[in-house]
Number of protein chains: 4
Amino acid sequence: MSSPVPSRFHGVIPPVVTPRTSSGEIDVPSLERVTQHLLDGGVDGLFVLGSSGEVTHMTNSERDTVVRTIAGVNAGAVPLMVGAVEQTTNRVIEEARRVVSLGAEALVVTSQYYAISNAAETDTHYRSIHAAVDVPIFAYDVPVRTHFKLPVDLLVSLGADGILAGVKDSSGDDVSFRQLLLAAKNIPNFDIFTGHEVVVDGALLGGAQGAVPGLANVDPRGYKNLYEAAKAGDWAKAAAEQDRLADVFNIVFTPKPGRLSGNAAGLGAFKTALQLMGIVDTNTMSAPMLALDADEAEAIRVILTRNGLL
Amino acid sequence: MSSPVPSRFHGVIPPVVTPRTSSGEIDVPSLERVTQHLLDGGVDGLFVLGSSGEVTHMTNSERDTVVRTIAGVNAGAVPLMVGAVEQTTNRVIEEARRVVSLGAEALVVTSQYYAISNAAETDTHYRSIHAAVDVPIFAYDVPVRTHFKLPVDLLVSLGADGILAGVKDSSGDDVSFRQLLLAAKNIPNFDIFTGHEVVVDGALLGGAQGAVPGLANVDPRGYKNLYEAAKAGDWAKAAAEQDRLADVFNIVFTPKPGRLSGNAAGLGAFKTALQLMGIVDTNTMSAPMLALDADEAEAIRVILTRNGLL
Amino acid sequence: MSSPVPSRFHGVIPPVVTPRTSSGEIDVPSLERVTQHLLDGGVDGLFVLGSSGEVTHMTNSERDTVVRTIAGVNAGAVPLMVGAVEQTTNRVIEEARRVVSLGAEALVVTSQYYAISNAAETDTHYRSIHAAVDVPIFAYDVPVRTHFKLPVDLLVSLGADGILAGVKDSSGDDVSFRQLLLAAKNIPNFDIFTGHEVVVDGALLGGAQGAVPGLANVDPRGYKNLYEAAKAGDWAKAAAEQDRLADVFNIVFTPKPGRLSGNAAGLGAFKTALQLMGIVDTNTMSAPMLALDADEAEAIRVILTRNGLL
Amino acid sequence: MSSPVPSRFHGVIPPVVTPRTSSGEIDVPSLERVTQHLLDGGVDGLFVLGSSGEVTHMTNSERDTVVRTIAGVNAGAVPLMVGAVEQTTNRVIEEARRVVSLGAEALVVTSQYYAISNAAETDTHYRSIHAAVDVPIFAYDVPVRTHFKLPVDLLVSLGADGILAGVKDSSGDDVSFRQLLLAAKNIPNFDIFTGHEVVVDGALLGGAQGAVPGLANVDPRGYKNLYEAAKAGDWAKAAAEQDRLADVFNIVFTPKPGRLSGNAAGLGAFKTALQLMGIVDTNTMSAPMLALDADEAEAIRVILTRNGLL
């Protein structure tokens, strides 16, 4: 069964955004402030080098800077999960070893991408990575990026064998997510997180250990309140808080239709909100993504204000 | 806001399966027994000519037989929603008029399919159908069949204009479903149903009016218990009942991998369960779908037995 | 091997467009003129009730009118292939019998759609239809509509067994098309057609029996010239004619981005060209599709003029 | 217009496979023999670090070894195109600079992947890479891996601006390929290659400068014969050679259904053929891909033998 004693990995674990200076460099002081803002918000862990952190768009030396900076501010306060984002097994292993050496306490790893793979290779993929590194591994199920949905039975078998410590689910597939939650109840130390911002109450009701919502960069306290209401069995309060957060999430729909890529719109909205809140200096995106403009920022200001975040 | 007085359309509304004789004809006595079994199970409505009813595979005269049979047994006991399943607007209108003449109290209508359409045409599609018939219309969002996800903003605008009375969501997209639920709170008489079997508790927690789960053919009372627990605010009980139903849902995974189409596996499992329960005479499927075999039926018997359904 | 004596089905076989009056009725006199225009252009057959004919959007009584009208003008001059477009086997059989009774000499039939099917059911599908009707059946491979690519080995096996008389390929998959052409060389009376406008020279070089290009509504003579050059082994001339026709095909890209659905843009361009050429009275589309507007028609006029078609 | 004097980049340019030892290391002597085999076969260029070379699965140090080895054997004999395969702009630039320093005369670059991008960002992507390196850049259009089809108008605009020197098309979209060929006729120094094995005759008839077929690892002379027949205007001979090569291509269909991933089946067949021909020592694949087994190798032997390659 999933941990009677709560696992070290549970609750609200935001995927930390990566601020850049207006000239495009990693903005270390802003990143330090974001990290502190999250810790002050009561988060239960930090997910570094995730999609919301623009890991996709960072060079390896930039990735190193980001892990070092966040680890420095965190100073062991909460668990540090770090993405090892590369396209095939051996490249992931290189990446994994590097981020573990920089302080990762757990890894978040996708299936192979660009490579046209299958379930059997994915099984080998996770087993090979597990053999190569010495920290817990969470599978990251994100078919909108990898174009491969991790099958429930594969995840369950890797969990039962102790290869995976859990799953971060960004599949958008609510049916397989519930099946995974049910299966996870019988596997010790196998913790399931949703990566979606607006269904955290239902995920927790179904038995999830926590959430990794990008929006928690903006409102960590809101997600913590939701989580605590759920833990206390006050589901009406959890649902009400989720509804409020779903309104905050409308910030990602402020960019003009078609102007920005899917990446740039969502992540850019989080950064723009943090800029309006005075936590980061610019809303600059990693190249070649464009930042939100003044009109879009104004629309975000309205949403933040009506939700008491400004 | 969605109805302070509960809408006429709410709760558990199973998509009624269509039994066939071993020679492939509509099996009217078995269909009558299924209908009575559902009414005895306390369902709040019946959805006729849905995907679970194999509407896709029926000729028009078979469709007529099915609507007449179910309407006869129901005799006005609960509301009758009927699918008007055709590929383009004018063909839907012909179909809609026919099923209304046979007793449909509300229609369930997809976007166009086979046609390569877009949001603007879909808007015209629903408005034209609404102008042509005089009963409430529920949009059926089923991109796995239509290959077009109904956009939330289109559904909201059609709801606000009184064109749509609600949505049956089988999109598998939990994020847009929650956004729809939030939007629906501000639209009078706009009722949202999930079509997925294993996420009904979360859907109700988020504000859905009910569910249209194919599995409710097999266990209508289980879904009714779940719904009533949710209405009473006993979310722990609702989640526990959902977990039990999710185990029953494993019947759809009993067919040998690759032997049956997606349609045939799921719908065939429901029919096979009903056959084991003595409610329908055969588990024959509409041509060209194959029925589950004896081994697969035996696996279903095990699942039903451990859940107290046999 | 494919026919030493050329098959009755070969060469240029346009999918005839369906003109409508400005009030949306089938425009019989315009349809008669289109048919005569195609026969005058030297076409080798007519494909009625295809996607380019908006079969998708027609009621059954409209379909009947169209088949009767074209059959009347044709009066046996060239072979008449007719689409039997319905979503599942038994519905196709009903449709097939009706169009055969109206004069179809061959049928064009897709795999099931809306239904979630597989290769085994598709095999049964074609065998059941073949058992029910007495005319040659051509498979229509159009995954952009059916979302199921007909597997080459299935087509070959159905051809070898005499179930299929050939294939109309609109798959856009050039690799499987060539594999099909190679396989077809060893099957008697199995004729392969491309449905794509701009790759007819390559298709014929690879061994195709002909083409079913929507653009042949506009320029039947051009496609006939291409076909005859290819038959004569003058491939440089065939490629030059194909390049010219590819320029004519630019008419489908004249609609403003995002204004029209995929269907409406392509088919609307053909109709608008025929209107400019004085062959049809309006460019009205089947509901809910919008017609091209005056600006878009003007852009088409430029393209037709520079290609000597006005 | 595309080069009156043939471009430096034209003809048959195989994507060189990467042999591994049975313990999984890059097998340098085998790679040297493959390279010599290709040069002896009369190829017009070599494409290093392509998908057929398993670039996806190599670490950076393995990539370096491969480029150095091939460049050493080639010794300037034919042009060396090298893939710079990374997921986002700045990571591509790092990769590009490294492979240029190792001898790349031209780069082959995909759109971003894993990142969810769009056309505007892709435009910036190629312009940024062009600004950063000093060799010709070919776009690699491979939506089956990147899940983004490079739009024809974007490619044409980047070609006209001198950003791209051409395109390697593995899109499988024959219609857009022909449109690209037509557009390319008006752009100086913009050379189009097909990456598909079985449609090279049609591609050349339409105006392509050459082909990058993985199968040319196995039969470089066959593709060279096809190319020379086409250049001489002997299209019947070109088509006959293409048909023969399409039969050789059946080696990729020998793996048992479902046993191997898409990658492993195709690339493994090429390697297994080269092993049977005595050119490479093993058919070991990059982890986690499985190699073809003895039965599958035997089926390949039959195909090679009937085509005179053993």
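The values are calculated or read from the model by the stated rules, or taken from the named source; none is laboratory data. Bear in mind that the values here come from a model prediction, so they are computed numbers and not experimental data. We place every Cβ from the backbone using ideal geometry, glycine too, and count neighbours over all the protein chains shown. Areas reflect the complete protein model, heavy atoms only, side chains present, ligands, DNA and RNA absent. Shrake-Rupley method; radii C 1.70, N 1.55, O 1.52, S 1.80 Å.
A few points about this structure:
- Backbone phi angles across the stretch B:12-18, fed through the Karplus curve with coefficients 6.51, -1.76 and 1.60 (θ = phi - 60°), yield HN-Hα couplings of 9, 10, x, x, 5, 6, 10 Hz in residue order; Gly and Pro are listed as x.
- Look at the stretch B:141-147: the mean tally of other chain Cβ atoms within 10 Å of its residues' Cβ atoms is 3.
- Chain B - share of DSSP beta bridges that are antiparallel (%, nearest 5): 5 percent
- Placing unit charges on the Cβ atoms only, positive for Lys and Arg and negative for Asp and Glu, gives the stretch B:74-149 a dipole magnitude near 100 debye about its Cα centre.
- Of all accessible heavy-atom area on the protein assembly as shown, the percent that carbon and sulfur account for (1.4 Å): 54 percent
- Karplus 3J(HN,Hα) series, Hz, for the stretch B:261-266 with 6.51 cos²θ - 1.76 cosθ + 1.60 (x for Gly, Pro): 6, x, 3, 5, 5, x
- Net charge, D:F47 excluded, C-beta distance under 12 Å - Lys, Arg +1, Asp, Glu -1: -1
- Over the protein assembly as shown, the alpha carbon radius of gyration divided by the compact-protein estimate 2.2 N^0.38 Å works out to 0.93.
- Residue mean of other protein chain beta carbons inside 10 Å, C:173-184: 5
- What the pair-distance distribution of the stretch B:108-200 shows, using all Cα-Cα distances binned every 5 Å from zero, is 3, 14, 28, 26, 20, 7, 2, 0 percent.
- Each semi-axis of the equivalent ellipsoid for the stretch A:23-102 is √(5λ) with λ an eigenvalue of the Cα gyration tensor; in descending order they amount to 21, 15, 10 Å.
- Going by accessible surface with a 1.4 Å probe and the largest first, B:D281, B:D44, B:D234, C:D141 read B:D281, B:D234, B:D44, C:D141.
- Average 1/r across all pairs of distinct alpha carbons in the stretch A:22-70, invert it, and you get the Kirkwood radius: 11.5 Å.
- Residues of the stretch A:197-213 with amide N under 19 Å of a point placed 7 Å along Cα→Cβ from A:R221: A:213
- At q = 0.19 Å⁻¹ the log10 of I(q)/I(0) for the stretch A:241-310 amounts to -0.68, computed by Debye summation with a single uniform scatterer per C-alpha, solvent ignored.
- Cut-off under 5 Å, modelled amide H: who pairs with A:Y140 long-range: A:V109, A:T110, A:S111, A:K168
- Accessible surface for B:H196 stands near 30 Å², nearest 10, in the context of the full protein assembly shown (1.4 Å probe).
- For the stretch B:1-149, the average shadow cast by the Cα convex hull is 9.6 nm², which is a quarter of the hull's surface.
- √(5λ) per eigenvalue of the Cα gyration tensor, the stretch B:64-170, largest first, Å: 23, 14, 13
- Under Karplus coefficients 6.51, -1.76 and 1.60, residue-wise ³J(HN,Hα) of the stretch D:100-106 in Hz, glycine/proline x: 5, 5, 9, x, 5, 8, 8
- Each DSSP beta bridge with both residues in the protein assembly as shown is either parallel or antiparallel, and the antiparallel ones are about 5%.
- A Förster radius of 60 Å, combined with the Cβ-Cβ distance separating A:E25 from C:K237, puts the computed FRET efficiency at roughly 0.50.
- Rg/Rh for chain C, where both radii come from Cα atoms and Rh is the Kirkwood radius: 0.94
- Teacher prompt: A:R127 distances to equivalent labels in other copies, 7 Å Cα→Cβ, nm: 3.9, 4.9, 5.9
- Anchor A:K237: lysines whose Cα lies under 21 Å away (excluding residues fewer than 8 positions away in-chain): A:K224, B:K185, B:K231, B:K237
- Taking amide H positions as modeled 1.01 Å from N, with prolines and chain starts lacking one, the residues under 5 Å from B:F190 and 5 or more places away or on another chain are B:S3.
- Charges were assigned to the Cβ only: +1 to each Lys and Arg, -1 to each Asp and Glu. The resulting dipole of the protein assembly as shown about its Cα centre is roughly 0 debye.
- Assigned charges on the beta-carbon of Lys, Arg, Asp, Glu; the stretch C:11-234 dipole about Cα centre (debye): 120 debye
- Ascending distances from the A:G103 label point to its copies in the other chains, with the point 7 Å along the Cα-to-beta-carbon line: 4.3, 7.0, 8.1 nm.
- Nearest beta-carbon to the D/A symmetry axis - residue in chain D, distance in Å: D:H147, 3
- Taken per residue, the accessible surface of chain B reaches 31 Å², heavy atoms only and a 1.4 Å probe.
- For the stretch C:191-310, the average shadow cast by the Cα convex hull is 7.7 nm², which is a quarter of the hull's surface.
- Distance between the stretch D:140-192 and the stretch B:239-310 - C-alpha centres, whole angstrom: 50 Å
- Threshold 40 Å², the stretch C:118-138 residues less accessible with all protein chains present than alone (1.4 Å probe): C:N118, C:E121
- Buried solvent-accessible surface, both chains (B, A), 1.4 Å probe, Å² to nearest 100: 2000 Å²
- Taking other residues whose beta carbon is less than 13 angstrom from the beta carbon of B:G76, and scoring Lys, Arg as +1 and Asp, Glu as -1, yields 0.
- Starting from the label point of C:K185 at 7 Å along Cα→Cβ, the same points in the other copies fall at 2.9, 6.2, 6.8 nm, in ascending order.
- Chain B: most fluctuating residue of B:G210, B:G24, B:G103 per GNM, C-alpha cutoff 10 Å: B:G24
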